[in-house]
């Protein structure tokens with residue numbers, strides 16, 4: 001769903017959508033399981049910077065919910081997460097805040113996104129919000145054993161008989177130092 005400043009200038013847009021699997025590409029980070037629900041409101045806020053300079057910001061508020069599968073950080077098996085979150089976002093036209101010299105930005109300015117070509121895609125905003133809402137690291141279970149680095153066997157399913165770690169020949173000089181040998 002494209003939200004453009006031209007449309008939002010006429011009137012605010014209320015949305016309530018149920019998006020099926022595959023509508024939004026979450027990349028390798030997450031896979032939507034079932035449908036994704038979102039509802040909210042988009043409107044234009046006019047920022048008066050001077051009597052002649054008025055910036056049209058897009059204010060986007062809403063919520064979303066859905067069930068996602070993300071890979072376990074150790075064994076890469078899928079782990080389900082039910083997400084439900086709210087968002088309150090402000091987008092400015094790209095380039096409107098650019099100044100000639102570098103400058104420090106305020107804490108409020110770190111919360112501002114930017115749009116280009118007169119609007120933004122709601123799906124892009126939702127993708128970003130989902131990825132931010134997911135845990136940074138997911139484990140299938142607290143004591144996940146992970147994958148064997150030699151054969152790739154999932155150690156939660158079956159123990160392999162590989163040596164724990166093959167010796168990397170690049171470290172052999174250090175092992176000689178530890179044992180007191182010189183070359």
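The values are calculated or read from the model by the stated rules, or taken from the named source; none is laboratory data. Only a predicted model underlies this, so the values are computations on that prediction, with no experimental measurement involved. Neighbour counts are summed over all protein chains in view; Cβ atoms, including those assigned to glycine, are modelled from backbone coordinates with ideal geometry.
Scanning the range 43-65 for any residue that is within 30 Å of residue 155 (Cα to Cα), in the same structural domain as residue 127 (by TED's automatic domain parsing) and modelled with pLDDT under 95 turns up nothing. Entry remark, the range 8-20: residues being assigned to a loop (DSSP other than H, G, I, E, B) and over 23 Å from residue 114 (Cα atoms) number 1 in total.
Mind checking which residues of the range 21-48 are exposed (fewer than 10 other Cβ atoms within 10 Å of the Cβ), outside any strand (DSSP E or B) and in contact with a strand residue (DSSP E or B) (Cβ under 9 Å, 6 or more places away or on another chain)? Selection gives 22, 28. If we scan the range 67-77, do we find a residue that is assigned to a strand (DSSP E or B), surrounded by fewer than 14 Cβ atoms within 10 Å (Cβ to Cβ) and free of Cβ contacts under 8 Å to residues at least 60 places away in the same chain? Checked against the condition, which is being assigned to a strand (DSSP E or B), surrounded by fewer than 14 Cβ atoms within 10 Å (Cβ to Cβ) and free of Cβ contacts under 8 Å to residues at least 60 places away in the same chain, the range 67-77 yields no hits at all. Do you know which residues across the range 142-156 are in contact (Cβ under 8 Å) with a residue 12 or more places away in the chain and surrounded by fewer than 12 Cβ atoms within 10 Å (Cβ to Cβ)? Across the range 142-156, the qualifying residue is only 149. From 89, 139, 120, 131, grab the single residue that is surrounded by 12 or more Cβ atoms within 10 Å (Cβ to Cβ), modelled with pLDDT of 90 or more and touching a helix residue (DSSP H, G or I) at 6+ places or on another chain (Cβ under 9 Å). Just a single option satisfies the conditions, and that option is 89.
The condition of being more than 25 Å from residue 136 (Cα to Cα), out of contact with any helix residue (DSSP H, G or I) (no Cβ under 7 Å at 6 or more places or on another chain), outside the structural domain of residue 157 (by TED's automatic domain parsing) and at pLDDT 90 or above holds for only one of 100, 40, that being 40.
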